[in-house]
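Asks: Here you go, one structure.
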Amino acid sequence: MINMRRIWFVLIAMFTSLGVLAQSSKHDEIAQKVDSVMNRMTLEEKIGQLNQLTGDGEVTGPVTLNQDYQQQIRQGMVGSMLNVNGAEYTRKIQKIAVEESRLGIPLIFGYDVIHGYKTIFPVPLGESSSWDLEAIEKASRIAAREATAAGQHWTFAPMMDISRDARWGRVMEGAGEDPYYGSKVARARIRGFQGEDFSKANTMLACAKHYVGYGAARGGRDYNTVDMSMRRLHETFLPPFKAAIDEGVATFMSSFNELNGVPVTGSKELVQDLLKDQWGFDGFIVSDWGSIQEMIPHGVAADKYEAGDLAMNAGIDMDMEGHVYIEELKNLLNDGRISEAQINEAVRRILTKKFELGLFEDPYKYCDPEREEQELLSEENRAFARKSAQKSMVLLKNEGVLPLSKDLGNIALVGPLVQADEEYIGTWSARGEGRHVVNVMEGFRNKLGDQASLTYAKGASFTGQSKEGFDEALQKARQADAVVAVVGESAMMSGEALSRMNIGLPGLQQELVLELAKLDKPLVVVLMNGRPLAIPEVDEKAPAILEAWLPGTEGGNAVADIIFGDYNPSGKLTASFPYDVGQVPVQYEHKNTGRPKVEGQRYTSQYIDGPNKPLYPFGYGLSYTSFEYSRPVLNKQQINFDETLRVQVDVKNTGERAGEEVVQMYVRDLVGSVTRPVKELKGFEKIALEPGQTKTVTFKLRADDLAFYTRDMEYKAEPGEFKVFTGSSSEDVQSASFKLRR
Ligand code: GLC
């Protein structure tokens, strides 16, 4: 009997080696092509490849030099453009590079495709609240299909900055406060953008940004100083970037901020040594807009010459709209401050990606007006944007008001966001347009037809202290059977350079809501915002609150789907909502301290004018049904370093309707060589349950999952006592104990 196993092994070995051979031969083939191009390039042309300029689209940074970039392209002084959009226009610009420059090296076009290109999805913080990694990946896949149909090769996304500070405007761009979950979301978004093969015309390069620590800006003020321990950097802010490399991300972007005195864009330790040498990142890293030149105002470079010296020696490959490399690298080379090998290495990394995209074979493959016409805002894409928005929304409170009946006679829609189309798509909304948005008024009309009469009153504005709209709003509310207040932030109240020191409802919106609450009518508050908001008074007085985020092109339909019960809300918060800005930074993964709070005991860690806990915690979100959790059951009371602990929890739908629940697992290391958080997320699973149905959810834990940076900054687990928590939020959990032993 021939040993079939042996044959299988031989076959597997053969196919694996063929696969590896295929991969390495493709890699080698591209390397040879890169060499052949580089051998023909002058020094000036090489430096040109490291130069990225902005085009005529929206300006996404400080005012740039008005320059004739088309002439510079002809002269081989530009390797990449950003903010150049559309199949026709990118073809026009690409044509200049390919047909009018000496070597015809194609440009790579980059753009901020952050949460959609033309069909806009919820702002990323909202999208992350779905805890549905497949849906998150699919949204990025759709964004990539649309963007590549319109000439884009490369998106400056996903943004993976962890942040625990709701004052920071860019908290809207990421996936919240937790590195474990943020890493999963980053990987899903990279998969969506990059697909399986860069050479396909509907896949694009992703970009891990902003490397690193940007979300810890002091005071939550954008671009401000960042100071933290190496332990905090490695345990909280670096993991998503390491996960991005493990997922095969093609590019990185260095951040504006300094970290412990050194701007990251000039940090050899973080870029060359950690990212490239230690982690083996083989793509290329672009500076953020002007961040090379900004080392002058940072005060670590006297001029562009010194800034270029720092950046090139740090390992930054491409200069985004900084005009430093193009002006200074030749001088730095002549003075021996940098080497030609460093320039060649940067050029090689960039040309390799251009070859992988297939741009040398067909520089116009992404400039396809027909595909652009078919793909952008297709019904399929809009339908998924609606699903994504449904999944992202979080039910924060519901005292028997929701879902509303579709048979109500009159519904009053009140608030500045009821039909403010432009606000629904938020910032970083690429080529999205407000005119394509379905707002809440339209969503309700689509849902109810002529069944119900809908009245509208703006009531209050995002800014100012005027109450002139209150009377009309209250009057319409009095005449209605139910009131839906759609309030929150305008698009320009979260995003880059949009930090807020007050994180309540802007203007007099809260006062309006509190007046509405006095009418003793069924009142639903729909929040549309890009950051966690401090709304304890609204929470106290409003019987129902739905967090809808800035929900994107299909937001109004998704809100109506939830309000009238056609979709049972399943989102959970990925960022804690503070009681007050005075609690910030606030997160579930906090330390116990030596004097943990004890009610009624003065000398413990607390505020005398408010709680320690946030208003709504990480992982929190309600449903129209209810779920009951068993205690976690462990298959062992202790494990050694090469064993697996199985954690099981039964979850039952105890309500009247089907629903989805995000089952979460957290761990606590009770005693370590350094202090350890009271909880750390180590697993989650989103499950669907019919009424009365029970499912057993199983998690696995090994020593690797318990590793951290010990007193000696070694990354490893330490033996001892642990607690494992399972439940429906970071606060609503039950626990069991186990030991890790040598
Ligand atoms: C901006 C942002 C960055 C963006 C880049 C290009 O300043 O910080 O996230 O990708 O410039 O628009």
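Quick note: the coordinates plus some simple rules give every number you see, no bench work behind them. This is a predicted model, so every value here is computed, not measured. Reconstructed Cβ throughout: ideal geometry from the backbone, glycine too, with neighbour counts over all protein chains shown.
Asks: Can you list the chymotrypsin sites (Phe, Trp or Tyr not before Pro) in the stretch 235-314 that are in a DSSP coil and have 16 or fewer other beta carbons within 10 angstrom? Display every interim value, and only then the final one.
Replies: Details: sites: Phe237, Phe241, Phe252, Phe256, Trp279, Phe281, Phe284, Trp289, Tyr305; in loops: Phe256, Trp279, Phe281, Trp289.
Of the chymotrypsin sites (Phe, Trp or Tyr not before Pro), the ones in loops of the stretch 235-314 whose Cβ has at most 16 other Cβ atoms within 10 Å are Trp279.
Asks: Under a straight-distance cross-link criterion of Cα-Cα below 17 Å, which aspartates and glutamates are reachable from Lys406, leaving out those fewer than 8 residues away in the same chain?
Replies: Partners within reach: Glu442, Asp450, Asp481, Asp561, Asp566.
Asks: Next up: Per the Debye formula with a single identical scatterer at each Cα and no solvent contribution, what log10 I(q)/I(0) holds for the stretch 260-413 at q = 0.11, 0.15 Å⁻¹?
Replies: With one equal scatterer per Cα and no solvent, log10 I(q)/I(0) is -0.68, -0.87.
Asks: Which entries of Lys138/Lys209; Lys92/Lys138; Lys184/Lys597; Lys138/Lys242; Lys365/Lys391 have Cα-Cα distances beyond 28 Å here?
Replies: Numbers: Lys138/Lys209 20 Å; Lys92/Lys138 31 Å; Lys184/Lys597 33 Å; Lys138/Lys242 22 Å; Lys365/Lys391 34 Å.
As for pairs spanning more than 28 Å Cα to Cα, those are Lys92/Lys138; Lys184/Lys597; Lys365/Lys391.
Asks: Here is a follow-up. To the nearest 20 debye, what is the magnitude of the charge dipole of the stretch 378-581 about its Cα centre, counting +1 on the Cβ of each Lys and Arg and -1 on the Cβ of each Asp and Glu? Don't skip to the end; give the middle numbers.
Replies: Details: 20 positive and 27 negative charges, 48 e Å.
Dipole magnitude for the stretch 378-581 comes out near 240 debye.
Asks: Lys and Arg at +1, Asp and Glu at -1: add these up for the other residues within a Cβ distance under 14 Å of Leu514 and post the number.
Replies: On the way: positive: Lys467, Lys518, Lys521, Lys541; negative: Glu511, Glu515, Asp520, Glu537, Asp539, Glu540.
Around Leu514, the charge tally is -2.
Asks: Using the Karplus curve 6.51 cos²θ - 1.76 cosθ + 1.60 with θ = phi - 60°, what ³J(HN,Hα) values do you get for each residue of the stretch 608-614, in whole Hz, with x for Gly and Pro?
Replies: Going residue by residue, I get 8, 10, x, x, 7, 6, x Hz, with x marking Gly and Pro.
Asks: What whole-number value in cubic angstrom gives the convex hull volume per residue for the C-alpha atoms of the stretch 627-741?
Replies: Given the Cα convex hull of the stretch 627-741, per-residue volume reads 83 Å³.
Asks: I need to check one value: relative contact order of the chain, counting alpha carbon pairs closer than 8 Å and at least 6 residues apart, in percent. Walk me through the numbers on the way to the answer.
Replies: Numbers: 1801 pairs, mean separation 93.8, N = 742.
So the answer I get is 13 percent.
Asks: So what's Rg/Rh here for the chain, counting alpha carbon atoms and using the Kirkwood radius for Rh?
Replies: On the way: Rg = 26.8 Å, Rh = 27.3 Å.
With Rh from the inverse mean 1/r over Cα pairs, Rg/Rh is 0.98.
Asks: For helix 379-392, report the angle its Cα long axis makes with the longest principal axis of the Cα atoms of the chain; keep it between 0 and 90° and round to the nearest 10°.
Replies: 60
Asks: Name the GluC sites (Glu not before Pro) in the stretch 181-258 that are in a loop by DSSP and that have at most 11 other C-beta atoms within 10 Å, would you?
Replies: Working: sites: Glu196, Glu235, Glu247, Glu258; in loops: Glu196, Glu247.
The qualifying sites are Glu196.
Asks: Mind pulling the angle between the C-alpha long axis of helix 340-356 and the longest principal axis of the chain? Nearest 10 degrees, somewhere in 0 to 90.
Replies: That works out to roughly 60 degrees.
Asks: Further question on the same structure: From the backbone phi of the stretch 218-227, what are the Karplus-calculated ³J(HN,Hα) couplings (6.51 cos²θ - 1.76 cosθ + 1.60, θ = phi - 60°) in whole Hz, Gly and Pro given as x?
Replies: These are the phi-based 3J(HN,Hα) values: 4, x, x, 8, 3, 6, 7, 4, 10, 9 Hz.
Asks: A further question follows. I'm a student and want to see the number: the projected area of the Cα convex hull of the stretch 187-335, averaged over all directions, in nm². Could you put the intermediate results ahead of the total?
Replies: Working: hull surface 38.3 nm².
Mean projected area of the Cα convex hull: 9.6 nm².
Asks: How far is helix 325-334 tilted off the main Cα axis of the chain, in degrees rounded to 10, range 0 to 90?
Replies: 40
Asks: Using only alpha carbon pairs under 8 Å that are at least six residues apart, calculate the relative contact order of the stretch 378-581 and give it in whole percent. Display every interim value, and only then the final one.
Replies: On the way: 454 pairs, mean separation 71.3, N = 204.
In percent, rounded to a whole number, it is 35.
Asks: Among all the lysines, which ones have a C-alpha under 22 Å from Lys591's C-alpha, if same-chain residues fewer than 8 places away are not counted?
Replies: Lys591 reaches Lys613, Lys679, Lys682, Lys716, Lys723, Lys739.
Asks: So if I place +1 on the C-beta of Lys and Arg and -1 on the C-beta of Asp and Glu, and nothing else carries charge, what would the dipole magnitude of the chain be about its Cα centre? I want it in debye, nearest 20. Write down the numbers at each step before the final one.
Replies: On the way: 84 positive and 104 negative charges, 428 e Å.
Charge dipole of the chain: 2060 debye, to the nearest 20.
Asks: When the distances between all Cα atoms of the stretch 548-703 are binned every 10 Å from zero, what whole-number percent does each bin get?
Replies: With a bin width of 10 Å, the distribution comes to 9, 27, 31, 25, 8, 0.
Asks: Scan the stretch 411-489 for trypsin sites (Lys or Arg not before Pro) in coil per DSSP, keeping those whose Cβ has at most 14 other Cβ atoms within 10 Å, and list them by number.
Replies: Numbers: sites: Arg431, Arg435, Arg445, Lys447, Lys458, Lys467, Lys476, Arg478; in loops: Arg431, Lys458, Lys467.
Of the trypsin sites (Lys or Arg not before Pro), the ones in loops of the stretch 411-489 whose Cβ has at most 14 other Cβ atoms within 10 Å are Lys467.
Asks: Still on this model: Would you mind telling me the antiparallel percentage of the DSSP bridges in the chain, rounded to 5? Present the calculation step by step, with values, prior to reporting the outcome.
Replies: Working: 49 of 92 bridges.
For the chain, the DSSP antiparallel bridge percentage is about 55.
Asks: Calculate for the chain the 222 nm mean residue ellipticity that helices alone would give, adding -39,500 (n - 2.57) per DSSP H run of length 4 or more and normalising by residue count, nearest 500 deg cm²/dmol. Please report the intermediate quantities before stating the final value.
Replies: Details: 20 runs with 217 residues, N = 742.
Mean residue ellipticity, 222 nm, calculated: -9000 deg cm²/dmol.
Asks: Now, a different point. Could you work out the equivalent-ellipsoid semi-axes for the stretch 33-371, taking the square root of 5 times each eigenvalue of the Cα gyration tensor, largest first, in whole Å? Kindly include the intermediate steps, with their values, before the conclusion.
Replies: On the way: eigenvalues 159, 129, 58 Å².
Taking √(5λ) for each eigenvalue gives 28, 25, 17 Å, largest first.
Asks: Let me ask you something else. Tell me, what ³J(HN,Hα) does each residue in the stretch 296-313 have, in order and in whole Hz, if you take phi through Karplus 6.51 cos²θ - 1.76 cosθ + 1.60 with θ = phi - 60° and put x for Gly and Pro?
Replies: Here the 3J(HN,Hα) series is 6, x, 4, x, 10, 9, 7, 7, 5, 4, 5, 5, x, 4, 4, 5, 5, 6 Hz.
Asks: In addition: Going by Cα centres, the stretch 299-318 and the stretch 585-610 are how many Å apart?
Replies: Using only Cα atoms, the two centres lie 44 Å from each other.
Asks: Quick check: the distance between the Cα centres of the stretch 207-270 and the stretch 155-189, to the nearest angstrom?
Replies: Answer, in whole Å: 12.
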